[in-house]
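Presented below is the structure to which this report refers.
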Amino acid sequence: MSNKTIVILGIESSCDDTSAAVIKDGVLLSNVTASQAVHEAYGGVVPELASRAHQLNIVPVVDQALKRAGVVKDELSAIAFTRGPGLMGSLLVGVSFAKGLAASLGIPMIDVNHLQGHVLAHFIQEPPPASSPLPPFPFLCLLVSGGNSQIVLVKAYNDMQIIGQTIDDAAGECIDKCSKVMGLGYPGGPIIDRLARQGNPEAYSFSKPAIPGYDYSFSGLKTSFLYNLRDWLKDDPDFVDHHKEDLAASLEKTVVDILMNKLRRAAKNLKIKHVALAGGVSANTGLRNAFEDHARRYGWTIYIPKFSYTTDNAAMIAITGAFKYADRDFCPMEAPAYSRVAI
């Protein structure tokens, strides 16, 4: 290998965040994200509105990422982009833009699995002195987001095995839906997190599923929460207003307990002490506190991402692209986006 400088532009557009990032020789120089507030009025992401917003945002976001990095497009070595999974209309905007820019510059394209990107966010290195320790292989990663709840055994950047995953709803989806039935708004995760800090996590108990192995289930918890709430509202129509902090804290504790019980068992059985957290729900305070608690109690070395790397972002796409670039693992121009796939 030559000593040539490698500059990767990462593009992420799988859902409702348009993001671009630049990594130079493994170090992150910029990470720019445009979020979409338009969905709040609908209580969820509207795919058609999301793809339209991506079309408006992608050129200025990429332009800002290059400017903040102090890089011109002719210096780019390759373009890494989220190929899937995600919303097809949103993905197509990022994929089409990446293909057009790569073709115009005559540089290779690198397709990135969005979920793999979340796991590899732990390898994002910021300019000194901000660098943090990188997890050694193999390590376990709890990947929790609105659409995914998985325990991943990470043996190498390109060798990941899902050893447990949700068989129905994801943890983030469950929290969002419970927030919605309480009338608290969307997205529910940050709202529940904020209220839970002021509530009693032991105030209410909800059902925990008995699922074999390392798999998860959150639909039973969601149903249990809904039925209990319905009964309480019969007796007191203002029940949510009077008890929302305790409800949020009890819901959060139940979700965190379900997640950590399986993760703890997997770490013990596989004799792995290096454990990472990733995905949008990894921003949750209760889950982060549980990781800190397990590090003290079980001797884990834990890896918790910065808040800016928990949600969908292009830095994680760019660092995955840097790994793949080193292996010359490029993607043909005709590669289509895909909406569903595992790691």
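Would the range 307-316 turn up any residue that is modelled with pLDDT of 95 or more, within 19 Å of residue 143 (Cα to Cα) and among the β-branched types (Val, Ile, Thr)?
The answer is no; no qualifying residue exists.
Residues of the range 100-125 being farther than 13 Å from residue 321 by Cα and in contact with a Phe, Trp or Tyr (Cβ under 8 Å, 6 or more places away or on another chain), which ones?
Result: 122, single match.
Which of the numbered conditions does residue 154 fail, given that it passes all the others? Conditions: (1) under 14 Å from the mean Cα position of the chain (by Cα); (2) at pLDDT 95 or above; (3) among the hydrophobic types (A, V, I, L, M, F, W, C).
(1)
When you look at residue 4, is it modelled with pLDDT of 95 or more and open to solvent by 30 Å² or more (accessible area, probe 1.4 Å), yes or no?
It is false that residue 4 is modelled with pLDDT of 95 or more and open to solvent by 30 Å² or more (accessible area, probe 1.4 Å).
Out of 218, 206, which single residue is more than 19 Å from the chain's Cα centre (by Cα) and farther than 26 Å from residue 112 by Cβ?
Step by step, each of 218, 206 is checked, and only 206 is more than 19 Å from the chain's Cα centre (by Cα) and farther than 26 Å from residue 112 by Cβ.
Determine, yes or no, whether residue 265 is under 30 Å from residue 65 (Cβ atoms) and at pLDDT 95 or above.
no
Kindly list, by first and then second residue, each pair from a residue in the range 185-204 that is under 16 Å from residue 229 (Cβ atoms) and open to solvent by 40 Å² or more (accessible area, probe 1.4 Å) to a residue that is at pLDDT below 95 and among the aliphatic types (A, V, I, L, M), limited to pairs with Cβ atoms under 9 Å and residues at least 6 apart or on different chains.
none
Can you tell me how many residues in the range 47-81 are modelled with pLDDT under 95 and either in contact with a His (Cβ under 7 Å, 6 or more places away or on another chain) or open to solvent by less than 40 Å² (accessible area, probe 1.4 Å) (or both)?
Within the range 47-81, residues that are modelled with pLDDT under 95 and either in contact with a His (Cβ under 7 Å, 6 or more places away or on another chain) or open to solvent by less than 40 Å² (accessible area, probe 1.4 Å) (or both) number 8.
Kindly establish whether residue 310 is among the β-branched types (Val, Ile, Thr) and under 30 Å from residue 64 (Cβ atoms).
Against the criterion (among the β-branched types (Val, Ile, Thr) and under 30 Å from residue 64 (Cβ atoms)), residue 310 qualifies.
Quick check on residue 229: is it open to solvent by less than 10 Å² (accessible area, probe 1.4 Å) and either in contact with a helix residue (DSSP H, G or I) (Cβ under 9 Å, 6 or more places away or on another chain) or not small (Gly, Ala, Ser) (or both)?
For residue 229, the condition - open to solvent by less than 10 Å² (accessible area, probe 1.4 Å) and either in contact with a helix residue (DSSP H, G or I) (Cβ under 9 Å, 6 or more places away or on another chain) or not small (Gly, Ala, Ser) (or both) - is met.
Given the criterion on the phi < 0 side of the Ramachandran plot and either hydrophobic (A, V, I, L, M, F, W, C) or in a loop (DSSP other than H, G, I, E, B) (or both), identify the matching residue among 220, 199, 185.
199
Among the residues of the range 144-161, what is the count of those that are under 16 Å from residue 262 (Cα atoms), of a type outside the set (A, V, I, L, M) and crowded, with 19+ Cβ neighbours inside 10 Å?
Count: 3.
What number of residues within the range 120-139 satisfy the criterion of being in contact with a strand residue (DSSP E or B) (Cβ under 6 Å, 6 or more places away or on another chain), part of a loop (DSSP other than H, G, I, E, B), open to solvent by less than 70 Å² (accessible area, probe 1.4 Å) and among the hydrophobic types (A, V, I, L, M, F, W, C)?
Counting residues in the range 120-139 that are in contact with a strand residue (DSSP E or B) (Cβ under 6 Å, 6 or more places away or on another chain), part of a loop (DSSP other than H, G, I, E, B), open to solvent by less than 70 Å² (accessible area, probe 1.4 Å) and among the hydrophobic types (A, V, I, L, M, F, W, C) gives 1.
Checking residue 91 against (1) surrounded by 21 or more Cβ atoms within 10 Å (Cβ to Cβ); (2) under 17 Å from residue 8 (Cβ atoms), only one condition comes out false. Which one?
The one condition residue 91 does not meet is (2).
The values are calculated or read from the model by the stated rules, or taken from the named source; none is laboratory data. Values in this document were obtained by computation on a predicted structure and should not be read as measured data. With ideal geometry, Cβ positions are generated from the backbone for all residues, glycine too; neighbour counts draw on all protein chains shown. Just so you know, the surface numbers come from the protein's heavy atoms only, side chains and all, with ligands and any DNA or RNA stripped out. Shrake-Rupley method; radii C 1.70, N 1.55, O 1.52, S 1.80 Å.
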